[in-house]
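See structure below.
Throughout, read-outs are computed from the coordinates displayed, never taken from laboratory work. In this text the structure is predicted, and so the values were computed from the model without any measurement. Note that we place each Cβ from the backbone using ideal geometry, even for glycine, and neighbour counts take in every protein chain shown.
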Amino acid sequence: MSVDNCLFCKIVAGQIRSNKVYEDEHVFAFHDIHPWAPVHFLMVPKRHIASMAQVTPEDAGLLGHMMALAPRLALEQGCRPYPEGGFRIVTNTGTEGGQEIHHLHIHVMGGPRPWARG
């Protein structure tokens, strides 16, 4: 898929509406339209990177920024603090890895779940 046809590039550019969670010069985060958990949002780099398979050493700072940002955004979106609460981070890579949109994205999911213990 070309960058011109990338759904997430269009969301970042404001061509497709989203429920924005956060934005800075490098990252855009928005709610998933088909949530799997009470809190479920995506974090995407503004620069098009197709998947984790295309990440280079030069992307380490960007990925570190995204990982460091995830806990703050998870709490702001309603996840309870660790250790009672928490959240999950998932990144699918490639078609066989379950990636549907070929623009690197990190799912952040959490919140109260009926099957969670104590």
>> For the stretch 6-47, give me the residue count where each residue is in a loop (DSSP other than H, G, I, E, B), on the phi < 0 side of the Ramachandran plot and out of contact with any Ser or Thr (no Cβ under 9 Å at 6 or more places or on another chain).
In response: 18
>> Suppose we filter Glu84, Glu76 for residues that are among the acidic types (Asp, Glu) and in contact with a strand residue (DSSP E or B) (Cβ under 9 Å, 6 or more places away or on another chain); which single one remains?
In response: Glu76
> Quick one: how many residues across the stretch 64-114 are small (Gly, Ala, Ser), loosely packed, with under 12 Cβ neighbours inside 10 Å and not in a helix (DSSP H, G or I)?
Replying inline: 1
> Counting only residues that are hydrophobic (A, V, I, L, M, F, W, C) and either more than 13 Å from the chain's Cα centre (by Cα) or surrounded by fewer than 16 Cβ atoms within 10 Å (Cβ to Cβ) (or both), how many does the stretch 12-29 have?
Replying inline: 2
> In the stretch 30-51, which residue that is among the hydrophobic types (A, V, I, L, M, F, W, C) and closer than 16 Å to Val3 by Cα is surrounded by the most Cβ atoms within 10 Å (Cβ to Cβ)?
Replying inline: Val44
